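K.L.:
Before I ask anything, here is the structure I am working with.
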Amino acid sequence: MEVRTIIGIVLIVAGAWRLANLWGIIENDWLWRQPWTTYITPAALIYLGVLVIINSYGRDPDQIPAEAPTRSLWLQRPLPIGEDGKRICCSVRYGGDEYVYRGEVFHGARLDAFCGGIRMDLREAQITEDEEIEIHTFCGGVELFVPQTVNIVVNSRSFIGGVGNHAKQIVGAEVPCLHIIANNFVGGVDIKN
């Protein structure tokens with residue numbers, strides 16, 4: 001029997017027990033007045049809740065890439081290129097997605113990470129003109145790998161977070177720029193080559 005099943009059974013029994021107490025079928029108010037229930041019960045419930053959340057995402061078969069036999073938190077997804085063949089939109093909630101360009105032309109992106117992460121690898125992307133990447137994070141992050149043939153221009157607004165630009169800068173007027181517009185709330189962006 002899995003841990004989630006046991007936790008579910010315990011929660012159902014606890015709820016039924018509490019309802020029976022409210023309806024006067026059984027009398028157990030003395031239990032909730034004990035000092036140990038004041039501190040141990042909330043701590044145990046928080047622990048069990050965190051355990052269920054971690055196990056549900058760690059064992060989700062959707063989170064294991066087909067070519068990797070070991071467990072990975074990054075799900076490798078195909079590039080979500082729009083019907084026009086241009087700008088892509090990636091949105092992640094409670095997990096991690098990885099997008100890798102393998103010679104495709106890059107025409108900009110919008111990346112949204114809500115309590116999760118996005119890893120985007122543009123090192124093999126074809127970037128021939130200035131492009132824009134719009135990033136929004138909330139309790140999450142974005143890891144961006146950029147080619148060494150572009151310059152990075154960052155414009156960010158962050159609350160308890162930020163943008164780390166570790167990419168090498170190239171001098172020259174003909175070099176295309178990636179404009180990173182990042183809005184972070186308890187999250188961040190890491191840019192590197």
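The values are calculated or read from the model by the stated rules, or taken from the named source; none is laboratory data. Everything quoted here is computed from the prediction, not taken from an experiment. Please note: Cβ atoms are built from the backbone with ideal geometry, for glycine as well, and neighbour counts cover all protein chains shown. SASA here: full protein model, heavy atoms, side chains in, ligands and nucleic acids out. Shrake-Rupley method; radii C 1.70, N 1.55, O 1.52, S 1.80 Å.
K.L.:
Amide H neighbours of VAL189 under 5 Å, counting only residues 5+ apart in sequence or on other chains, H built in-plane at 1.01 Å?
P.N.:
VAL142, GLY162, VAL163, GLY164
K.L.:
If each residue of separation counts as 0.36 nm, what is the full-extension length gain between ALA16 and VAL105 once their alpha-carbon separation is subtracted? Kindly include the intermediate steps, with their values, before the conclusion.
P.N.:
Values: separation 89, 0.36 × 89 = 32.04 nm, distance 5.83 nm.
Separation in residues times 0.36 nm, less the Cα-Cα distance, equals 26.2 nm.
K.L.:
Name the long-range amide H neighbours of SER158: under 5 Å, sequence gap of 5 or more, or other chain; modelled H, no Pro or chain starts.
P.N.:
The answer is ASN184.
K.L.:
Where only protein heavy atoms count, and the probe is 1.4 Å, what is the accessible area per residue for segment 68-193 in Å²?
P.N.:
For segment 68-193, the per-residue accessible area is 53 Å².
K.L.:
I would also like to ask the following. Per residue of segment 123-138, what does 6.51 cos²θ - 1.76 cosθ + 1.60 with θ = phi - 60° give for ³J(HN,Hα)? Whole Hz please, x for Gly and Pro, Karplus curve as stated.
P.N.:
4, 9, 6, 8, 10, 10, 9, 4, 9, 10, 10, 9, 10, 10, 10, 9
K.L.:
By how many nm would the segment from GLN169 to GLU134 grow when fully extended, if each residue of separation counts as 0.36 nm and the alpha-carbon distance is taken off?
P.N.:
Full-extension gain reported as 10.6 nm.
K.L.:
I would also like to ask the following. For segment 111-120, just list the computed ³J(HN,Hα) in residue order, Karplus coefficients 6.51, -1.76 and 1.60, θ = phi - 60°, integers in Hz, with x standing in for Gly and Pro.
P.N.:
Couplings: 10, 10, 10, 10, 6, x, x, 10, 10, 10 Hz.
K.L.:
Got a number for the accessible area of LYS192? Probe 1.4 Å, square angstrom, nearest 10.
P.N.:
Per-residue accessible area (LYS192): approximately 60 Å².
K.L.:
If amide H atoms are built 1.01 Å from N in the plane of the peptide, which residues on other chains or at least 5 residues away come under 5 Å of the amide H of GLN126?
P.N.:
Residues meeting the criterion, in which the H sits 1.01 Å from N, are GLY103, GLU104, VAL105, PHE106.
K.L.:
Using 1/(1 + (r/R0)^6) with R0 = 30 angstrom and r between the beta carbons of ILE160 and ILE46, what's the FRET efficiency to the nearest 0.05?
P.N.:
Plugging the Cβ-Cβ distance into 1/(1 + (r/R0)^6) gives 0.85.
K.L.:
What is the packing order of peptides 171-182, 96-107, taking the mean over residues of other C-beta atoms within 10 Å and listing the highest first?
P.N.:
Packing proxy ranking, top to bottom: 96-107, 171-182.
K.L.:
Could you pull the accessible area for TRP30 with a 1.4 Å probe, rounded to 10 Å²?
P.N.:
So the heavy atoms of TRP30 present about 140 Å² to solvent.
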